[in-house]
Each structure stands twice: as structure tokens, then as C-alpha cells.
Amino acid sequence: MARHEKSPELKEKISILPDTPGVYMYYDAAGTVIYVGKAKNLKRRVSSYFNRTHDVLRTNLLVRNIADMKYIVVPTEQDALNLENSMIKEYKPRYNVLLKDDKSYPWIVVTNEMYPRVFLTRQHIRDGSKYYGPYTNTAVARTVLDLIGELYPVRTCRIPITPEYVKKGKGRLCLQYHIRKCRGCCTGEIDEKTYAGYIDRIRQILRGETQELMTYLKGEMEKLASELRFEEAQELKNAYRLIENYRSKSVIVSQTVGDVDVFGFDDDGSADVYVNYMHVRRGAVVRSVTLRYKRSLEESRAQILGYAMEEIRQSLGVKYDEIIVAEAPEVEMSDVSFTIPRRGDKAKLLEVSEKNARQNRVDDLKHMERHNPEERTSRLLERIKSDFHLSELPHHIECFDNSNIQGTNPVASCVVFRDGKPAKRDYRHFNIKTVEGPDDFASMKEVLTRRYTRLMQEGQGLPQLIVVDGGKGQLSSAVEALEEMGLRGTIAVVGIAKRLEEIYFPGDSVPLYIDKNSETLRVVQHLRDEAHRFGITHHRNRRSKSALVSELDGIKGIGPKTAGALLQHFKSVKRIREASPEAIAAVIGPAKTSVLVKALAEGAEQETN
């Protein structure tokens, strides 16, 4: 089928998109937003526009006019729905207007009254009421409301109840009171304090703290099931599942935030620093821009943040009022307040901004790998050298891991990375020969001694860095082995504790903590994962082989060579059992066949008994 050809730059943008939820914006040649879409998987969704001719004419016209594409990553699919809705309202893209109406997602409101009401609405009135949502699934919102009504007898009438209204006795008890759906707010049958307790618990549920609601539903389901009322129990089960998947809070849209600007940082300690700017209007993100800075004089984060704020102000004409940041910038701005949130909606918005800054770094790294892989490798090795305080670039790294599940068949693995990538042809595994029992320290020393003694004998190159999977004990054994071989000081060695952030150096009891976003940590994680996988695979194969051979080894008159010949021919003990005496005799002769058949028959009889 025909494809829609686009510029190499746009093709590359699409090829390095992340497999995460988000919103994408298509631009025409004039730089106007012509379409906004949501995606559970950005890469898969955006790619689908360009790899085929579409049945709908409007879609083909849209694709033909796309000149550029940008995107914003968000934590969840629901956040993508909310962000798409707010950005469509902001930009009114040509191709979205043809397909979408202008309705908003509904919210659940807790009114600001003497006896608050709780109901579903699409309107926002600034009267002090509290709004929760928005709800992209109206069925979920209605289920929450129904269940709140079952749990707490809150009023549903629109009577403007005030202290004067109650005092004058104007209220009349209605049907809702008599069926116990209301406690008689209009006549003062329930005091404000007790009713406020109901509202506090309802607010807790609407904030997403649904454990109380889930416990109630589960108890009711079990009660109905015990009474054999299965249809009613199934209805509650459906509601339970809805609530289980329910999220009342949206990171992207919040009525508590209003109009703010957000600056998120990604600084992994390298020269490149990324700053993401998000403009939030009426509680919804409507613009996202990421800037990249290169340190030249060891500028601080606060300095770079100040540069970014000034650049955004000048280039986009933004007038700041409140700015959300992780730390205060080194810049003075009159009539601007800086908020450093620790929790709540503003903190979540800051997290989204920081996530987008990190994603831009990942995109740039992918671009660099494609167009200049040598530069990327050189920069990665320089970073590892710096983090591990090495004297030379670690072009050759080796990582060791021990495997001795339940103390049987102890083995070790050695994986090799060259220029930061696995060199699988150089991987080696070792069967532990000199150590009795599960002794990881002694096993590590044996393996390193065997590995590097052989490399030196064969005149092969030694690594610049050895990574040992283990804490201070394994590291000490590795250092001891290198010292006995005269390699101490020639090869750098570090140990990884159980938590990957902890890196131990010889003679230093205080570990190094590597930044979680650092490329060095990603390489270390890859090394340890490969060493673990390679070692476990070899260990599993050894145990399987040992289990097969031991069953034949227990038969008197069947030696290791005979057992080996049988397994080589028949491949498994199961097939040996199923083979005819004539077939077995063709491999080991009639005399041993008689012994073997008799022993296997006795073994089968014992298993049956």
C-alpha cells in the first residue's frame, strides 16, 4: 500500500518516539497546530499515520499536511485523555474540530454549603466548592456517586439550607429521609459536625483513597454470595472492578492549580542540561517546550534555570505570575512567586515536566547514536571513567556473578562489554572446582584467578575495569586474587551491592551512590543483568544434566561411559525407559541391557508403590 513520504527529520522523530502514554501535536508548514491526539503508546500510534493509506479522506488530507510533530509524555492513559481535551480547547486544531464536540469531561463536586451536596457536573462555579476529577469514564463517576450514596446519607435536594432556614423550621422531611437516604438536614435532625464527618470521608474517597470503599464492597459481595444472591453479588463485583481501576486525581488537569508556569530539570552531572517548560492554564497543560544547555563554566542548576526563564519570557512573550520549580533560580523577578512543592497537584505537575526533560535527553542520545555513534561511545566511556575514578577509558569491562542455588552445582559467569556494549562471543562460564559448599567469596577468588591467569598466559588484553556482583566480601576476594597475580593497581575493580545504587571501592567502606538517571548506572545494570542471566542459564543446564545422569549412575554395572553413551543416543532417561531391549542392546550390548532393564523396572515399581 502507498506510504505518505515525509522529510528525513520527521521520519527520525517518529522512529525514536517512546513507547509511553502521551499526547502528540501535528504542525503544518506554517507552524500551526492542525491536530492533537492521545496515545497509550506514542510510537505505535503516531507511526500508524504514516505507514499506509487510510480509508477516511480527512485522515489522508491531515497526513499530507503534516510538516512537523511534537509530543508530551504523561504518566497514564487517562492523563493523555485529559491533556488532549485541554489542548484541543486551547488550539482548536482544524482536523480535530471536524470530529470532536466541545464538551468537557465531568467532575464530581462537593459544594460549599452548610450541608454540602455531592453530584456530577460539567460546570465550574467559583464559590469555594471542591471539584474532583475529571472523569474520562462517566460510568465510573456515576458508580462512585452511587456507592457514596450507599455509604453516607448525604442530601440530594437543592434547598439552600442555612442556620436561619433550620431555625425558622421551614424544612419538611421528605421521602429521602424516610428511606434513610438523608438524615434530615433541612430540619436540623443531624448536626453539622456529624455531617461534616461524612463529607471528610467522602473527600477521602474522591482523592483516590478508596480502601474503605473497596473493603465495604468486598464485605457486601461475600454477604450476598453466602445468601445465594448471586446476581446482586455480580453487580457489586462489577462496581468493585470499576473502583479498582478508578483514579479520581489527574496529574494533567486540576482545578486547584489555576494558571501557573512549571520548569522541570534533568541534570545527570554531564555538560548537557535539559530544562522543560510547561504552561498551565485554568489547571490544564496547554504548552510544553524543552531547552538544552551546555555547561561551559560549571554553571549551577539555579543559574541555568534563570537563563531558561528569561529565554522563555522573551521568545514566547510569557508573563509569569507563579512559577513551580524544584529549587529557586538565581534571578530576581518582580511580582513573581516561586513555589517549591513537596506533594499534591503542583508536585505532580513538576514530575511530569521533569519526565519530559528526561525524555528529550533520551531522544537526543538516540539521534546521536544514529548519526555519530563514535561520539556517543566516547562520551559514555568518559562518564564511566569519571564516575568510577579510573585512570583510563574503560573500553573493556568484565562482570562476574556466582550461582549456587541451594548449594548445588556451583558455577560462575563472566560477561564482557566492549565500548559499553555486550561482546557475547567473549562471555565465559566456570564450574567451581576447588571450593566445597556454597562459599561465594572463595568462588569469586577462584574464578578471577583462573580467568586472568589464562588471559596472561595467552597474551590476551586485560580489562580496564572489573565489576563484581556482590558487596564488600566479594570485592575483597577479587582484590586478593588480583594481588596474588600481581595485577593490583593494573585493573580497577568495584563491587555492586544488592541495591544497584551502591558501588564499593577497595579499602573504602562508604559506598558511592550513582545518580539513578546516569548512563553509568544503566551500563552497570546491563552488566549485572547479563551476568546473572548467563550464569543462571548455565547453572540450570548443569543441574538438569546432573539430574539425568545421576538416575543412571545409581545402577550397579552401568558406569559413567555407558550412561553417557545411552544419553547421547536416546537424549533422555524417559526415552531410554520407552526403548525396546533390542534398541538398547544395539548401543551397550545384551549383558548390560539386561542389568539396565531390570533396574529401571524395579525403580518404576518402587515409584508406583
Which translational diffusion coefficient, to the nearest whole µm²/s, is obtained for the stretch 72-190 from the Stokes-Einstein equation, given a Kirkwood hydrodynamic radius over C-alpha pairs, 10 °C and 1.306 mPa s? 94
If I model a spin label at GLN457 and ALA139 as a point 7 Å from the Cα along the Cα→Cβ vector, what separation in nanometres do I get? 7.0
What translational diffusion coefficient, to the nearest whole µm²/s, does the stretch 1-87 have by Stokes-Einstein, given a Kirkwood radius computed over alpha-carbon pairs, a temperature of 10 °C and 1.306 mPa s viscosity? 120
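Could you order peptides 165-173, 108-116, 121-129 by the average number of other Cβ atoms within 10 Å of their residues, highest first?
Working: 165-173: 12.8, 108-116: 18.4, 121-129: 10.9.
Ranking the peptides 165-173, 108-116, 121-129 by packing returns 108-116, 165-173, 121-129.
Taking the radius of gyration and the Kirkwood hydrodynamic radius from Cα positions alone, what is the Rg/Rh ratio for the stretch 455-508, to two decimal places?
Numbers: Rg = 11.7 Å, Rh = 11.6 Å.
Radius of gyration over Kirkwood radius for the stretch 455-508 works out to 1.01.
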Quick one: which residues, 5 or more positions from GLY283 or on another chain, have an amide H under 5 Å from its amide H? H modelled 1.01 Å from N in the peptide plane, none for Pro or chain starts. GLY258, ASP259, VAL260
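Work out how much length ARG343 to LEU175 would gain on full extension: take 0.36 nm times their residue separation and subtract the Cα-Cα distance, in nm to one decimal. Write down the numbers at each step before the final one.
Values: separation 168, 0.36 × 168 = 60.48 nm, distance 4.30 nm.
Separation in residues times 0.36 nm, less the Cα-Cα distance, equals 56.2 nm.
Once you charge only the Cβ atoms, +1 for Lys and Arg and -1 for Asp and Glu, what is the size of the charge dipole of the chain about its Cα centre, to the nearest 20 debye? Please list the in-between numbers first.
Working: 95 positive and 85 negative charges, 443 e Å.
Here the size comes out at about 2120 debye.
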Tell me the angle of helix 440-457 to the major Cα principal axis of the chain, expressed in degrees between 0 and 90 and rounded to the nearest ten. 60
Which value results for Rg/Rh of the stretch 430-539 when Rg is the Cα radius of gyration and Rh the Kirkwood radius based on the inverse mean 1/r? 0.96
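Grab the DSSP H runs of the chain that are 4 residues or longer, score each as -39,500 (n - 2.57), total them, divide by all residues and round the 222 nm result to the nearest 500 deg cm²/dmol.
Details: 21 runs with 282 residues, N = 609.
Result for the chain: -15000 deg cm²/dmol, rounded to the nearest 500.
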Remind me, what semi-axes does the stretch 16-61 give for its equivalent ellipsoid, largest first in whole Å, using sqrt of 5 times each Cα gyration tensor eigenvalue? 18, 15, 9
Take the alpha-carbon centre of the stretch 302-340, take the same for the stretch 431-487, and report the distance between them in whole Å. 54
Once you compute Rg and the Kirkwood Rh from C-alpha atoms, what is the Rg to Rh ratio for the chain? 1.10
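Counting pairs of Cα atoms in the stretch 153-238, how many percent are more than 16 Å apart? Intermediate values should be presented prior to the final figure.
Values: 2389 of 3655 pairs.
Here the long-distance tail beyond 16 Å is 65 percent of all Cα pairs in the stretch 153-238.
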Over the Cα atoms of the stretch 270-376, what radius of gyration and what Dmax do you get, in Å? 15.0, 48
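Of all accessible surface on the chain at a 1.4 Å probe, what whole percent is carbon and sulfur? If you can, show how the numbers build up before the last one.
On the way: 15920 of 32880 Å².
For the chain, the apolar C and S fraction of the accessible surface comes to 48 percent.
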Could you compute the net charge surrounding TYR177? Neighbours are other residues with a C-beta less than 11 Å from the C-beta of TYR177; K and R count +1, D and E count -1. +4
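Just list whichever of LYS433/LYS592; LYS355/LYS385; LYS38/LYS70; LYS433/LYS556; LYS294/LYS424; LYS70/LYS366 have alpha carbons separated by over 24 Å in the model shown. Show your work: numbers first, answer last.
Details: LYS433/LYS592 32 Å; LYS355/LYS385 27 Å; LYS38/LYS70 12 Å; LYS433/LYS556 27 Å; LYS294/LYS424 35 Å; LYS70/LYS366 16 Å.
Long pairs (Cα-Cα over 24 Å): LYS433/LYS592; LYS355/LYS385; LYS433/LYS556; LYS294/LYS424.
Any idea what the relative contact order of the stretch 319-399 is, in percent, if you count C-alpha pairs under 8 Å spaced at least 6 apart? Please list the in-between numbers first.
Details: 45 pairs, mean separation 13.5, N = 81.
Reported relative contact order: 17 percent.
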ASP515 - accessible surface, heavy atoms, 1.4 Å probe, Å² rounded to 10: 60
Antiparallel DSSP beta bridges within the chain, as percent of all bridges there, nearest 5: 80
Can you work out the Karplus-derived ³J(HN,Hα) for every residue in the stretch 144-150? Use 6.51 cos²θ - 1.76 cosθ + 1.60 with θ = phi - 60°, whole Hz, and x for glycine or proline. 4, 5, 4, 6, 4, x, 6
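The values are calculated or read from the model by the stated rules, or taken from the named source; none is laboratory data. Note that the structure is a prediction, hence the values are computed from the model and not measured. Glycine gets a Cβ as well: all are built from the backbone with ideal geometry, and neighbour counts include every protein chain shown. Note: areas computed on protein heavy atoms with side chains; ligands, DNA, RNA excluded. Shrake-Rupley method; radii C 1.70, N 1.55, O 1.52, S 1.80 Å.
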